[in-house]
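In what follows, a single structure is set out as structure tokens and then discussed.
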Amino acid sequence: KQRIMIAMALACEPDIIIADEPTTALDVIVQKQILSGLARLVAERGISLLMISHDLAVLSAVCADLAIMRHGRLVEYGPSDKVCLSPQEDYTKQLAGAFPQIGDSESRLNPRTLKPAEVARAEPFTMTDEVVLEAKDLSVSFDTRRGRERAVRGVDLKLRKAEILAVVGQSGSGKTTLARSLLGLQEVEPVSQLSFAGKPLPRKAKELRTFRRQVQMILQDPAGSLNPKRSVYEAVVEGLKVQGIKDREYERVIGALEAAELTPAEDYLESIPQELSGGQRQRVVIAGALALDPQVLIADEPVASLDASVRGEILSLFLALKKNLGMSALIITHDLGLAWNIADTVAVMKRGEIVEYGEVDRVLSDPQHEYTQELLAAVPRLGSQSLVRNE
């Protein structure tokens, strides 16, 4: 779709192309292809490019110069490598730190944020060997015009208590289908074995409802997840009503909002989604899940639609939920930097199969599979100007 949009722009033989977030929500390999195409247009056709993005690494891969804006004003301007690697303004430093560089020990399990999530417990929870969610030989097939095709192939996966597991891969690799299967929302092949807390995943409606109270889903787009006509209170309480939980309703909503770091919680109860920022809306979605006191969160691209200023705060919140509540999280993402930033374990998916699986430090520092190596090679590096120099 993005290539079609670029072709439409080129049809008029322009002197200038203005690209507004041209690679947001794209996986790293497609992102590199789009950025390479834009760099090639500049080099071969002499077209000028004005690119808008919240990701400094993406901008620095293509652009010779960077201008940093805040509150409608330019706060820093200069050559890309200088602005990215030696920023002068605090705001530029914040943006540069919002997207962690894989291999940077300072950003390992340490999202950059102006407001770090507080760890309230004297003795934080740490990952244990207790398996809360498990898949064995998980396979899912769909009927297509070309016949029956497998979207997930023989996947083995374990999520332990107080573990954050990142499932990474390109779009179409089967990540979301895997997540839906673990939630009991997707029909799986008979050979598949899914279990929660050591027991097979329930199939009857009543038992499934109880299971889904324990395993909650957080979707990618917070704006699309919230009814624009409903208040924050109504959004957070919805899950309680679906589950038939009537006791301490108000206290549960307040507690969930506070756990999601929307404080003071009372100030947000009557707000509607349009009155909130993107980060606040995502916190409301997370609060709706937390109101049910789940053991597991399954989050599908939880920060892909958020700008750099709030990305670190949401990732920091996931770490706080793990440390404070012992919560486990399975995070679906195409962003290897996110996995480096907050995950204990990473599973790399390609065409429905897990091709590499293990501790984040080992897999991302010393990848063994060529596909993992390809994904890592496609990640833009801050200040590299790689495509400016290579195209």
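In the range 179-197, how many are within 28 Å of the chain's Cα centre (by Cα), surrounded by fewer than 16 Cβ atoms within 10 Å (Cβ to Cβ) and either closer than 23 Å to Ala162 by Cα or free of Cβ contacts under 8 Å to residues at least 40 places away in the same chain (or both)?
Of the residues in the range 179-197, 4 are within 28 Å of the chain's Cα centre (by Cα), surrounded by fewer than 16 Cβ atoms within 10 Å (Cβ to Cβ) and either closer than 23 Å to Ala162 by Cα or free of Cβ contacts under 8 Å to residues at least 40 places away in the same chain (or both).
Taking the condition of being under 25 Å from the mean Cα position of the chain (by Cα) and touching a residue at least 24 places away in the same chain (Cβ under 8 Å), how many residues in the range 60-84 meet it?
Result for the range 60-84: 5.
Consider Arg209 carefully, then state whether it is in a helix (DSSP H, G or I) and surrounded by fewer than 18 Cβ atoms within 10 Å (Cβ to Cβ).
yes
Out of all the residues in the range 367-391, which are in a loop (DSSP other than H, G, I, E, B) and either at pLDDT below 95 or at positive phi (or both)?
Val379, Pro380, Arg381, Leu382, Gly383, Ser384, Gln385, Glu391
Take the range 214-257 and flag every residue that is part of a helix (DSSP H, G or I), touching a residue at least 40 places away in the same chain (Cβ under 8 Å) and surrounded by fewer than 17 Cβ atoms within 10 Å (Cβ to Cβ).
Gln214, Ala223, Glu238
On the given criteria, is Gln31 in contact with a His (Cβ under 9 Å, 6 or more places away or on another chain) and polar (S, T, N, Q)?
yes
Tally time: how many residues in the range 263-290 are outside any helix (DSSP H, G or I) and either under 18 Å from Asp307 (Cα atoms) or not assigned by TED's automatic domain parsing to the domain that holds Ser225 (or both)?
2
Could you count how many residues in the range 294-337 are touching a strand residue (DSSP E or B) at 6+ places or on another chain (Cβ under 9 Å) and part of a loop (DSSP other than H, G, I, E, B)?
So the count comes out to 9.
Restricting to the range 266-288, name every residue that is of a type in the set (A, V, I, L, M) and closer than 20 Å to Gln216 by Cα.
Val284, Val285, Ile286, Ala287
With the range 1-111 as the region, which helices (runs of 4 or more DSSP H) entirely inside it contain at least 1 residues that are acidic (Asp, Glu)?
Hits in the range 1-111: 28-45, 80-85, 90-98.
The values are calculated or read from the model by the stated rules, or taken from the named source; none is laboratory data. In this text the structure is predicted, and so the values were computed from the model without any measurement. Neighbour counts are summed over all protein chains in view; Cβ atoms, including those assigned to glycine, are modelled from backbone coordinates with ideal geometry.
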